[in-house]
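Structure first, commentary second.
The values are calculated or read from the model by the stated rules, or taken from the named source; none is laboratory data. Quick caveat, the model's predicted, so the values are computed rather than measured. No Cβ is skipped: glycine too gets one built from the backbone with ideal geometry, and neighbour counts run over all protein chains shown.
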Amino acid sequence: MSPSFKKILKFVVPLLLATGFGWFMFSKIPISTILPYFKKANYLWVAFGMFLGFLSHLSRAYRWKYLLEPMGYSVKLPNSIMAVFVTYLANYGVPRSGEVLRAAVLSNYEGVPFEKGFGTIVAERIADMLVMLGIIAFTLILQFDFIFGILADLVPSSSLLIYGFFALLAFGFFIYYIRKSESKIAVKIKTFLNGLKEGIFSIFKMKNKWPFILHTLFIWGMYIAMFYVTTFAIEDLKGISLGAVIIAFIAASFTIAATNGGVFFYPAAVLGALTLFGLPKDPSFAFGWIIWSSQTLMIFIFGILSFIFLPIFNRKSSTK
């Protein structure tokens, strides 16, 4: 299989899956049922949510400087901001391709070697993953009774204990196998885990580790705040619990990481999470589309502007 054909598949297959899934969802909940919620939505709250999302992106761009400075690179903040928006926009085409493009932008306009720039992006992702795991752990504690109740309804309590025991046993066997085995897969996993551990500890060895950590917490705080305030745009969702918001946010976040910007899957994930809490289907689905559309609109506007202004800004900078 040629590299060009692989690139086409990476773009086409996720898009076809998303389109098919979108058709299925709209066959269950027609567009006509959610349009009234778009018309009645309070767009001041939507705009406020977009502003909070924008702040998180600015913070991400600024946080990047803390990882680059120890290597002797002081990048211009506008370049860092535009590179971040280019990243998000590219991920709507091919999932995870934006990280490569982001490092390429820095290499092209700031002279940062590609591998070094990409390494800092990996370190960022490690920090983000740790925060995400923390949010999941916090949610499990906050909503333990609720989550356990759902699992108990699906699987008898005695079976849950048995499954839990075998899951722990399988996990223990997996760890033992990875530590002892010299197979290619085991070596790759060990290399990945060692790199992960090294990346985590490198964050705490940074000169500006506390500003970096505070920016990381701010980024994710803005993500959740953006999600929460946008619920106020839908009258039927007022009074929604924090637990429902966080679980819906987690579910939606995974769709962004795994698909083309979460198209079609993001609203469905929000719908599935909110209906677990007894919230009505139509406003939940409409909310999922409103928050996805508003954040996507922001990314497209600033992403396209970044593509246009990157060469212009750097041409002007080079002539000074």
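Laid out as a table, the results:
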| quantity | calculated |
| --- | --- |
| Any hit, the range 293-315, residues being without any contact (Cβ under 8 Å) to a residue 24 or more places away in the chain and more than 27 Å from residue 81 (Cα to Cα) | no |
| Flag if residue 80 is assigned to a helix (DSSP H, G or I), surrounded by fewer than 17 Cβ atoms within 10 Å (Cβ to Cβ) and small (Gly, Ala, Ser) | no |
| Pick from the range 43-76, criterion in contact with a helix residue (DSSP H, G or I) (Cβ under 8 Å, 6 or more places away or on another chain) and not in a helix (DSSP H, G or I), ranking: nearest to residue 113 (Cα to Cα) | 73 |
| Residue check for residue 297: within 20 Å of the chain's Cα centre (by Cα), under 22 Å from residue 39 (Cβ atoms) and of a type in the set (A, V, I, L, M, F, W, C) | yes |
| Residue in the range 93-103 that is within 13 Å of the chain's Cα centre (by Cα), within 25 Å of residue 262 (Cα to Cα) and not in a helix (DSSP H, G or I) present | yes |
| Qualifying residue in the range 24-45 (condition: aromatic (Phe, Trp, Tyr), touching a residue at least 12 places away in the same chain (Cβ under 8 Å) and surrounded by fewer than 15 Cβ atoms within 10 Å (Cβ to Cβ)) | yes |
| Residues of the range 63-77 classified as buried (at least 18 other Cβ atoms within 10 Å of the Cβ), touching a residue at least 60 places away in the same chain (Cβ under 8 Å) and more than 11 Å from residue 102 (Cβ to Cβ), total | 3 |
| Residue satisfying all of: in the range 105-145; touching a helix residue (DSSP H, G or I) at 6+ places or on another chain (Cβ under 9 Å) and assigned to a loop (DSSP other than H, G, I, E, B); surrounded by the fewest Cβ atoms within 10 Å (Cβ to Cβ) among these | 113 |
| The range 65-98 - residue that is over 20 Å from residue 212 (Cα atoms) and of a type in the set (Gly, Ala, Ser) and, of those, modelled with the highest pLDDT | 90 |
